[in-house]
Amino acid sequence: MTPPWRDRSGKRDEPADIPTADSPAEDSTSAHQADGDSISAASPSTDDSTVPVPADEPAGTGTSSSVRVDVSGEGAVGAGGDVSHSAVGAGSRVEHTEVDNRIENTTVGRDVFQVGRDLTVNTTHTHHHAAPASEPVWRPVRVGEVPPLASAFQPRAGLREAIDRARERNATVVLTQVLSGGGGVGKSQLAAHYAHRAHAEGVDVLVWVNAAETAQIIATYAQAAAKTGVPGADGQDAESDAAAFLDWLAVTDRSWLVVLDDLTDLEGTAPWWPRPPAGANGRVLATTRRRDALVTGSGRAVVDIGTYAPDEAVGYLAERLGGADAGHLLDDRADDLVEALGRLPLALAHAAAYMINEGVDCSAYLNRFTDRASRLERLLPQDADTDNYGRRVTASLLLALDAADHREPVGLATAAIRLAAHLDPAGHPEQLWNTSAVTDYLTTHRTTGAPDVKPVTAGRARSALRLLHHYALITHDPHDSHRAVRLHALTARAARETTPDIDTPATVRTAADALLETWPKHEHTARDLTTVLRTNTDTLTDHADDHLWHPGGHPVLFTAGTSLLRAGLIGTAVTHGQRLTADAERILGDEHPNTLTARANLASAYWQAGRTGEAIVIEERVAADRERLLGHDHPDTLLARSNLAVSYWQAGRTGEAIVLLERVAADRERLLGHDHPDTLLARGNLASAYWQAGRTGEAIVLEERVLADFERILGDDHPDTLTARGNLAVSYWQAGRADGAVDLLRSVAEDRDRVLGPVHPDTVMSRAGLATVLTWRGRALLPGDTAGAWRDAAEAVGAVGPYLSDAPATYGPVLADAYGLAATVLDADGQPEAAADFRSRALHTARTAPPPRPGDDAADGSRT
């Protein structure tokens, strides 16, 4: 016998008013620092470059007469004052001669010799032109300091292929490629890889610019103009020289690469991007955290740079430790460690150095890193920066925050990222930023000195998201319905650890209020959104310490627990309820109303998990405490009695259950009215108790009334309506009305599959119930109606067979029975071989079905 339909205690047990307080707190801003992706060490050397140098000029530069002789053949050719006195080697011949006899005070030395095979000497004294100066010899120009490649540098083949493909697609024009990404993802290292490669391949001009400030770009261009010998660059004015250098790049046939590393002020640097040259010999690489519209256009191709791939991250760690003779520190937790570090190159570099310095392996470091008491500044310290990233991880991750705070909407960036940092890094809905909780928080916590004192609107809150996105502090994807706002886990941790203690309580409560405002009223209509909200609540709870319990437990904690029950995630609901109850007892005390609520919800989870005895112990205590503290007629007291009655029913104590349920139904009708959902639930539970007591007729009368009321009040697809329909079907079956039961169960199974999903426990029980009733009806049709029995057997197999892997413990025995019915029909029809086949299937299915787990009965209390 399966348990009856009971009140959804988790939902009804939420206190109507659980106060939350928001206290204003002062905010602080981060100091602006340089980008952590740049490395200061110079390699290749950039100070050995020179301007083009002419070849040595010959003596006699004043000579103006000249002789030119065109010859061919095997021997060498010599030409002196008169072509008739020239010597041509064997087999050579004179093809053309031009003589310029002008003399400008220059005399050639007496003997002119031309070396060749079969040499003849001309001793005639002749005046002639000196040979013209040869083409100047070009020496490569190197300006700026290219960072050396980090220890255990990972080639990141996938990213380089994307960059190279973009280059190949634009082979006929200059290509400006912008490597865009957050702090510490390795943008500068990738750019340095290309700079080192260009140097090795002999590029004529290589300029590496630390581009965080426009003045530095101009100064570096001016230095490049001087070293390259650009016409018009006289060293008197840096901007003029820089402009001349850009002009030269646009017309030169020399090959060149300009790297603009750590571009920050895209607005101020707009005039200083190299322009397309006449040929396809120039290339620009830029790195930036920015990813707004200014990054694109004008022939620029943006390449998004993310974290290492899993194999790259582990490969880096293995190579880095191995190169330091510390390979023994790489243990079986390496995969977990790189994931905990978010596969961030900067963090992996610091972590590896720390492990080498301290002699700790991956497991030990992971334990320290995941310890909530540990801080990033200790685990990823500055003195572990052996690869010269140049700054602490926290500073690098939040480097752009100060700049963002000074952009429109001014003063909101810091408050916004601190709020987002307390939610799931994998993403939360953009709807949260439309809530009054968030807009009020941003209004109160905007950076001191922000010029706008008006209340922050939802539009301004969204602008703050876009601003953080433009500076690569978060990722904002409006097309992602439920996880539109994401950020790297280490960025989130850095933001939390730099939040002043005085601001943390308000930030945590705001996040909780926003989640609660966003929670859908009817979860079955927004299952994906509800899942994301539960995940974000878990993350917030992990980061909140006890702030969500002051002055009382925040309602979102209870909402998340009841949502788990409604989703059929019973095991997770039990764990959540145990934690919630322990926290409530520790912080609020044994008799606080919210402590009683936590206990009641834990009992509901135990009940649905089949742990009826434990549920009864808790529920008897909760019912007594509520009656003593809240009074006989308080809604929470009635709910406690109702849940206790249902547990009595499940334990087989039917008489006690009926007494309690009749009292609850009458009290709710008196206090709440005939049509209140809680009144309808009380009637439904009472009908279930009548059903178990064998009072089927009374059960059917009540259930038909309850179903009609639910359809009228809540609609056909509401989960409570579907439960009422399923319970009425079971009562019809028990009363011998099999056809009516089958019709209702078909409807319930189809609707639950559509509304709740195919693997929801309620859907599973509906399909199993339909197959059970069909098999029962089919057997009743034998031996006379084999055709009808075969149809029922076939439909029963179709109801559960395709879904066997979803719930083998529930579907397996039911499917075996349906196969058995099919075998019986075939035997009756004179087909013993086919019958034997189905009988074999039945035995195999029954043997391989796992045993049922506690709580595999209907999650909502349906008797199906």
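Derivation of every value follows stated rules applied to the coordinates shown; laboratory data play no part. What you see is a predicted model; the values in this text were computed from it and never measured. For neighbour counting, all protein chains shown are included, and Cβ atoms are generated from backbone atoms with ideal geometry for every residue, glycine included.
Quick notes
- Annotation: amide H-H contacts under 5 Å for Thr475 (H modelled 1.01 Å from N, sequence separation of 5 or more, or interchain): Arg486, Leu487.
- Gain upon complete extension [Thr572, Leu782; 0.36 nm per residue less C-alpha separation]: 71.1 nm
- Estimated FRET transfer efficiency (Glu750, Ser481; beta-carbon r; R0 25 Å; 0.05): 0.45
- As a rough guide to protection, the peptides 615-628, 800-813, 664-677 ranked by mean Cβ packing within 10 Å, highest first, stand as 615-628, 800-813, 664-677.
- For the stretch 574-648 versus the stretch 780-799, the gap between their alpha-carbon centres in whole angstrom: 46 Å
- Sites Asp247 and His406 - FRET efficiency at Förster radius 22 Å, r taken between beta-carbons, to 0.05: 0.10
- Note: relative contact order over the stretch 457-551, using C-alpha pairs below 8 Å and six or more positions apart, is 21 percent.
- The packing ranking, built from the mean of other Cβ atoms within 10 Å per residue, places the peptides 409-419, 490-500 in the order 409-419, 490-500, highest first.
- Ordering of 213-226, 507-520 by packing is 507-520, 213-226, highest average first (other Cβ atoms within 10 Å, averaged per residue).
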